[in-house]
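For reference, the structure is listed below as structure tokens.
The values are calculated or read from the model by the stated rules, or taken from the named source; none is laboratory data. All values derive from a computational prediction rather than experimental measurement. Methodologically, a virtual Cβ is constructed for each residue, glycine included, from the backbone with ideal geometry; neighbour enumeration extends over all protein chains shown.
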Amino acid sequence: TGNFTYDPGFTATASCRSAITYIDGDNGVLLYRGYPIEQLAKHSNFLEVSYLLMHGELPDAKQFSDFEHEVTHHTMIHEALKSFLQGFRHDAHPMAMLAGVISSLSGFYHDGLDIEDPAQRRLAAIRLLAKMPTIAAAAYRYSIGWPMRYPRNNLEYVDRFLHMMFEVPSEPLELPPVAAKALDLLFILHADHEQNASTSTVRLVGSTGANPYACVAAGITALWGPAHGGANEAVLKMLEEIGRPEDVAKAVARAKDKDDSFRLMGFGHRVYKNFDPRATIIRETCHQVLKDLNVDDPLLEVAMRLEEAALKDEYFVQRKLYPNVDFYSGIIYKALGIPTEMFTVMFAIARTAGWVSHWLEQQNDPENKIGRPRQIYTGADSRDYPAKG
Ligand code: CMC
């Protein structure tokens, strides 16, 4: 009862007005601030896309270099944050470390807390964008027992991240150009996706007036689940479980069996019911990266066979289940030498651009109200507490 509609999963509820990203799920259209994702993937770079998402317009050359300077200036983290990381067990999942450390930023950068001040809001957004790769790489290195590497600010955003991940002292890191390019492309494709679960979470927390670091930390935890950003990690685990190309048919049969909870990870999407435009772009890059890096990995063979088998299977065709962006991103990350547990962290770095843009938009929105869904109560009727004794 009450003046509201039952809408589990909010499939029919628009929770806000937003001018950032447009999706037409039936026609596979994705626009950031009006620009088609295909064109951004071809001509832009992740930092420029971040500027676009945050500000609404593409930067001119001066605006871009100022923005790049600003982000670069904030890549360092407070030294004391290191001991925060060291408080984790060595085998903690890097997403747990990321969520914890990002949340702790609210205790380190108090000046970001005056969310009434637009300049402070912007500074917090820049800090999040700048520090996320530093913290992500530090979490990874901590998990393998390596000392953290400081950001090399003479490098570009993605290159800098790869150096923080993999560089060891006195050994120059030889990265094939295709690595940074593929990663930059993946970051562009993952930068925003309107009101997905993690962005809605950032907005829900943001609607209460919580500080931006807390909002984004909440977004990270929402992203972690296998139905959302955790899918890229789940894809790799599934491929490992399948193990051999000749076992692909068995996995497809299991995914179709309604008595079996097994699903093909990396297939299907809540909004895209024909194809995921990001998957179309990344599919080509994925095949190219495997070729350029000359990777010979049986799991990648399993992935390609699975893609082929599902695309022509009646069950998947009928339900319009296509490989989504995370099917291919996991394969590319693996080919680049990024460990499976870091896959969702990679997604988080990219999605930070979207999270902070939505948070900034929300804080400026006069219609912003505390998010407070209702429910259909299914519990016991009112009853009396039993008399004792
Ligand atoms: N494997 C096998 N069957 C599937 C799959 C799958 N991956 N996805 C959906 N189905 C079936 C489902 O069983 C149902 O069949 P029926 O109509 O016979 O009951 C039908 O397709 C519709 O599925 P649904 O669960 O109602 O669809 P949804 O919109 O609620 O779920 C989804 C979307 C992405 C959660 C789901 O497709 C899924 O679990 N996919 C695997 C996880 C995954 O790859 N997630 C990443 C999403 S993209 C990245 C991101 O934005 O986070």
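The table below gives the values:
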read-out: Check on residue 101, away from the ligand (no atom under 16 Å from the Cβ) and at pLDDT 95 or above; value: yes
read-out: Within region 202-217, considering residues that are surrounded by fewer than 22 Cβ atoms within 10 Å (Cβ to Cβ) and in a helix (DSSP H, G or I), the one farthest from the ligand (Cβ to nearest atom); value: 214
read-out: Residue in region 169-191 that is β-branched (Val, Ile, Thr), modelled with pLDDT of 95 or more, crowded, with 21+ Cβ neighbours inside 10 Å and within 14 Å of the ligand (Cβ to nearest atom) present; value: no
read-out: Residues of region 143-168 satisfying the condition of being crowded, with 21+ Cβ neighbours inside 10 Å and among the polar types (S, T, N, Q); value: none
read-out: Those residues of region 47-66 which are under 22 Å from the mean Cα position of the chain (by Cα) and not in a loop (DSSP other than H, G, I, E, B), in sequence order; value: 47, 48, 49, 50, 51, 52, 53, 54, 55
read-out: Residue that is nearest to the chain's Cα centre (by Cα) [pool: residues in region 85-139 that are assigned to a loop (DSSP other than H, G, I, E, B) and surrounded by 15 or more Cβ atoms within 10 Å (Cβ to Cβ)]; value: 93
read-out: All positions within region 125-136 that are under 16 Å from residue 76 (Cβ atoms) and small (Gly, Ala, Ser); value: 130, 136
read-out: Restricting region 223-251 to residues that are more than 9 Å from the ligand (Cβ to nearest atom) and aliphatic (A, V, I, L, M), the residue that is surrounded by the fewest Cβ atoms within 10 Å (Cβ to Cβ); value: 249
read-out: Selection count where residues are touching a Lys or Arg at 6+ places or on another chain (Cβ under 7 Å) and assigned to a loop (DSSP other than H, G, I, E, B), scope region 16-42; value: 4
read-out: Residue under evaluation residue 377, criteria (1) away from the ligand (no atom under 16 Å from the Cβ); (2) touching a Ser or Thr at 6+ places or on another chain (Cβ under 8 Å), criterion not met; value: (2)
read-out: Every residue from region 308-322 that is buried (at least 23 other Cβ atoms within 10 Å of the Cβ) and either more than 10 Å from the ligand (Cβ to nearest atom) or modelled with pLDDT under 90 (or both); value: 322
read-out: Pairs where the first residue, in region 53-64, is over 21 Å from residue 359 (Cβ atoms) and the second is of a type in the set (Phe, Trp, Tyr), C-beta under 6 Å, 6+ apart; value: none
read-out: Scope region 252-270; condition more than 6 Å from the ligand (Cβ to nearest atom) and in a loop (DSSP other than H, G, I, E, B); matching residues; value: 257, 258, 259, 260, 261, 262
